[in-house]
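Here the structure comes first, spelled out in structure tokens, and everything after it is commentary.
The values are calculated or read from the model by the stated rules, or taken from the named source; none is laboratory data. Everything numeric in this text was worked out from a predicted model, so none of it was measured. Note that each Cβ is placed from the backbone with ideal geometry, even for glycine, and that neighbours are counted across all protein chains shown.
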Amino acid sequence: MSLNGKVAIVSGAAQGLGEAFARALSQQGAKVVAFDVQDKITDVAAKIEAETGNTVLGLVADVSKRKDVERVVVETVDTFGGLNILVNNAGTWKETPVDSSWEQALEDWDFIMDTNFKGLLMLSRACTPHLQATGDGDIINISTYYVLPAKSDGTNQPNTDLYNASKWALNGLTDAWSKYLAKDNIRVNGMCMGATDTPMLRGLWEDGEIPPELKDVVIQPEQIAQQMLDLMADGRTGENIGAWVGEPVVIPPRAPDNLRIAGVR
Ligand SMILES: NC(=O)c1ccc[n+]([C@@H]2O[C@H](COP(=O)([O-])OP(=O)(O)OC[C@H]3O[C@@H](n4cnc5c(N)ncnc54)[C@H](O)[C@@H]3O)[C@@H](O)[C@H]2O)c1
């Protein structure tokens, strides 16, 4: 798949899945704007650019802050003249037990939702006029395998209600946007991966090591990045694409209309 001449934005690209998405897009020839709250994004962007030979602009920005989001999009369009691809990857995670204090619950709501949901909404809204102007675009919303009920078999974690809710909430955006933006030739899909070897996943264990039973089967970020390229090449819209530990990471057959967002076994 050649992405020569295309322009992409990836949020949360300083490590893990976001870094893999930025690298994969750059390897295919796209000009990439990679942004993150962490300062190391500028080094990561420079490294990818050196590897691929294609321009990667690294910006420090917080997706939960409207001004930052608008700055990223303005800088993208000013630098590259347009926009074709948005990967809404930035996400955050923490335990939020349902019996914590009210104060804690509201603080956690802001922490999780401002990035995972409101940030994604703001970034997408800022990008949409530019994608519409281009007349050919992709929005990829990074979700999680919990939201594919037919397959997840009730694996929503009991102690992360807000993270779970933030990812379920994306379905409302993916579904509506895919239908509304079809007239502009903009495809909108969700990607719903299982355990993928990133700093977020490794943070689940005190020693930062993937346990032996998961080590050989954990999904690699590069596999999900390839799945994203395959999804864009496939051209479908309005669907959640799953990836499960221990199974091939592929694009499944097109789901029937009533199961596109819910997912199929
Ligand atoms: N790793 C997994 O197993 C897994 C599974 C399902 C879904 N996901 C989702 O994939 C996405 C990437 O996760 P990851 O595992 O690579 O996580 P990670 O924590 O390793 O990387 C996330 C990146 O996002 C950045 N980020 C966080 N908040 C931000 C903000 N407000 N503004 C800008 N950047 C911000 C972080 O600094 C970090 O660089 C997330 O949306 C996550 O929920 C991950």
- Note on the structure: When segment 224-243 is checked residue by residue, the ones that are within 12 Å of the ligand (Cβ to nearest atom) and within 15 Å of Phe21 (Cα to Cα) are Ile224, Ala225, Met228
- Query: Just a yes or no: is a residue in segment 77-86 surrounded by fewer than 24 Cβ atoms within 10 Å (Cβ to Cβ), more than 20 Å from the chain's Cα centre (by Cα) and part of a loop (DSSP other than H, G, I, E, B)?
  - Reply: yes
- Item | Residue that is under 20 Å from Thr196 (Cβ atoms), within 16 Å of the ligand (Cβ to nearest atom) and outside any helix (DSSP H, G or I), where the choices are Ala20, Ala34, Ala24 | Ala34
- Selected residue (criterion: surrounded by the most Cβ atoms within 10 Å (Cβ to Cβ)) from residues of segment 165-220 that are aliphatic (A, V, I, L, M) and away from the ligand (no atom under 14 Å from the Cβ): Val188
- Scan segment 69-82 residue by residue and report those that are over 10 Å from Ala126 (Cβ atoms), out of contact with any Leu (no Cβ under 7 Å at 6 or more places or on another chain) and among the acidic types (Asp, Glu). Asp78
- Message: Criterion first (away from the ligand (no atom under 14 Å from the Cβ), within 15 Å of Gly263 (Cα to Cα) and either assigned to a strand (DSSP E or B) or modelled with pLDDT of 95 or more (or both)) does Asp138 satisfy it?
- Response: no
- Count - residues of segment 211-265 that are part of a loop (DSSP other than H, G, I, E, B), under 24 Å from Asp184 (Cβ atoms), in contact with a helix residue (DSSP H, G or I) (Cβ under 6 Å, 6 or more places away or on another chain) and hydrophobic (A, V, I, L, M, F, W, C): 2
- Task: Kindly indicate whether any position in segment 40-52 is charged (D, E, K, R), modelled with pLDDT of 95 or more, part of a loop (DSSP other than H, G, I, E, B) and more than 28 Å from Gln132 (Cβ to Cβ).
- Result: yes
- Task: Taking only segment 166-204 into account, find how many residues are farther than 21 Å from Ala14 by Cβ and either in contact with a Pro (Cβ under 8 Å, 6 or more places away or on another chain) or touching a residue at least 12 places away in the same chain (Cβ under 8 Å) (or both).
- Result: 21
- Picking from Lys94, Lys67, which residue would you name as being in a loop (DSSP other than H, G, I, E, B), out of contact with any Gly (no Cβ under 6 Å at 6 or more places or on another chain) and within 14 Å of the ligand (Cβ to nearest atom)? Lys94
- Item | Neighbours by Cβ (under 7 Å, 6+ apart or cross-chain): first from segment 122-133, in contact (Cβ under 8 Å) with a residue 12 or more places away in the chain; second in a helix (DSSP H, G or I) and basic (Lys, Arg) | Met122/Arg66
- Message: When you scan segment 42-57, do you find a residue that is of a type in the set (Gly, Ala, Ser), surrounded by fewer than 19 Cβ atoms within 10 Å (Cβ to Cβ) and either near the ligand (Cβ under 9 Å from one of its atoms) or at positive phi (or both), even just one?
- Response: yes
